[in-house]
Amino acid sequence: DTEVTQTPKHLVMGMTNKKSLKCEQHMGHRAMYWYKQKAKKPPELMFVYSYEKLSINESVPSRFSPECPNSSLLNLHLHALQPEDSALYLCASSQARTGYGYTFGSGTRLTVV
Amino acid sequence: DQQVKQNSPSLSVQEGRISILNCDYTNSMFDYFLWYKKYPAEGPTFLISISSIKDKNEDGRFTVFLNKSAKHLSLHIVPSQPGDSAVYFCAASERWEAAGNKLTFGGGTRVLVKP
């Protein structure tokens, strides 16, 4: 299995809703990542988990809350988002110490209304 | 401050010819470089990578060249095929042991291969 699977593929949520994005990989990768991509822009890093511990938070607002329940799963909990948070949210995984095999999922297209 | 730059936002090439995509970086701590291909509303697909200890890596139709002194890398696609039409991102990483690897992306180059 060489894939990173993200669910849901599309999500529409109101500004008062709470929702979660899910990411799963079975490549034995011990580093997992959340990126955000706005239209016509490159992906930007949000969070890095290494060996199930949060190692990098790129000054992301607290309305985004990541969670890594085990070595295969990564969640992103969303609460009280703003319309400007609408974007493609990408999960990725890699070997932790080398970065080899850096693989992205297909993303969740999030629209905040 | 953009640490990774792709100065050509678009490239048009005839099928069968060579596509050359360029990428420049400013951070001398970068030591691992990757190229990704991306279709709209999909995640980036890994193409090829190169470590800073090498100056060339080849995989099928794709070759990446690294010039460390110039802080420049390029991706060559030979021969170009219509299915290669997509946005190509250059990305760079510093090696942070045990902390995972942050990728810094360039702005992308849109490639159109004409039949």
(request) Kindly check whether there is at least one residue in the range A:16-34 that is facing another protein chain (nearest Cβ under 9 Å) and surrounded by fewer than 21 Cβ atoms within 10 Å (Cβ to Cβ). (result) yes
(request) Identify all residues within the range A:1-37 that are under 26 Å from B:Gly108 (Cα atoms) and in contact with a helix residue (DSSP H, G or I) (Cβ under 9 Å, 6 or more places away or on another chain); write none if there are none. (result) A:Lys36
(message) Could you check the range A:82-105 and list, in sequence order, the residues that are at pLDDT 95 or above and over 11 Å from the mean Cα position of the chain (by Cα)?
(response) A:Gln82, A:Pro83, A:Glu84, A:Asp85, A:Ser86, A:Ala87
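Is it true that A:Thr111 is among the polar types (S, T, N, Q), over 13 Å from the mean Cα position of the chain (by Cα) and either more than 9 Å from every other protein chain (Cβ to nearest Cβ) or closer than 23 Å to B:Ser93 by Cβ (or both)? Break it down stepwise before answering.
Values: among the polar types (S, T, N, Q): yes; over 13 Å from the mean Cα position of the chain (by Cα): yes; either more than 9 Å from every other protein chain (Cβ to nearest Cβ) or closer than 23 Å to B:Ser93 by Cβ (or both): yes.
Criteria met by A:Thr111.
Got a number for residues in the range A:14-31 being at pLDDT below 95 and either in a strand (DSSP E or B) or farther than 15 Å from A:Leu78 by Cβ (or both)? Give the derivation first.
Keep residues of the range A:14-31 that are at pLDDT below 95, which gives A:14-17, A:26-31.
Now restrict to residues that are either in a strand (DSSP E or B) or farther than 15 Å from A:Leu78 by Cβ (or both): A:26-31.
Residues flagged as at pLDDT below 95 and either in a strand (DSSP E or B) or farther than 15 Å from A:Leu78 by Cβ (or both) within the range A:14-31 amount to 6.
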(request) Please state which of the following conditions A:Ala39 fails to meet, knowing it meets all the rest: (1) more than 8 Å from chain B (Cβ to nearest Cβ); (2) in a strand (DSSP E or B); (3) of a type in the set (Gly, Ala, Ser). (result) (2)
(request) Among the numbered conditions (1) at pLDDT 95 or above; (2) within 11 Å of chain B (Cβ to nearest Cβ); (3) part of a loop (DSSP other than H, G, I, E, B), tell me where A:Phe47 comes up short. (result) (3)
(request) Please name all residue pairs, on different chains or six or more residues apart, with Cβ atoms under 7 Å, provided the first residue is in the range B:38-65 and is of a type in the set (Ser, Thr, Tyr) and the second residue is modelled with pLDDT of 90 or more and exposed (fewer than 14 other Cβ atoms within 10 Å of the Cβ). (result) B:Thr63/B:Lys56
(request) Filter the range A:65-113 down to residues that are among the charged types (D, E, K, R) and more than 17 Å from B:Gly100 (Cα to Cα), then give me how many there are. (result) 3
(message) Residues to consider are A:Asn75, A:Asn70, A:Asn57; find the one that is more than 14 Å from the chain's Cα centre (by Cα) and either surrounded by fewer than 22 Cβ atoms within 10 Å (Cβ to Cβ) or within 14 Å of another protein chain (Cβ to nearest Cβ) (or both).
(response) A:Asn70
(message) Can you name every one of the strands (runs of 3 or more DSSP E) wholly within chain B that holds 2 or more residues which are farther than 28 Å from A:Thr7 by Cα?
(response) B:10-14, B:19-25, B:32-38, B:45-51, B:56-59, B:62-67, B:72-77, B:109-114
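Residues are listed down the side, and each one gets a yes or a no for (1) more than 14 Å from chain A (Cβ to nearest Cβ); (2) surrounded by 15 or more Cβ atoms within 10 Å (Cβ to Cβ); (3) at pLDDT below 95:
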{"residue": "B:Val4", "(1), (2), (3)": "no, yes, no"}
{"residue": "B:Phe30", "(1), (2), (3)": "no, yes, yes"}
{"residue": "B:Glu42", "(1), (2), (3)": "no, yes, yes"}
{"residue": "B:His72", "(1), (2), (3)": "yes, no, no"}
{"residue": "B:Gln81", "(1), (2), (3)": "yes, no, no"}
{"residue": "B:Arg95", "(1), (2), (3)": "no, yes, yes"}
{"residue": "B:Gly100", "(1), (2), (3)": "no, yes, yes"}
{"residue": "B:Gly106", "(1), (2), (3)": "no, yes, no"}
{"residue": "B:Leu112", "(1), (2), (3)": "yes, no, no"}
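Report those strands (runs of 3 or more DSSP E) wholly inside the range A:62-113 carrying at least 1 residues which are touching a residue at least 60 places away in the same chain (Cβ under 8 Å) and hydrophobic (A, V, I, L, M, F, W, C).
Details: elements: A:64-70, A:73-79, A:87-94, A:108-112.
The strands (runs of 3 or more DSSP E) meeting that bar are A:73-79, A:87-94, A:108-112.
The values are calculated or read from the model by the stated rules, or taken from the named source; none is laboratory data. Predicted model only: the values in this text are computed from it and were never measured. Using ideal geometry, Cβ is built from the backbone for each residue, glycine included, and neighbour counts are taken over all protein chains shown.
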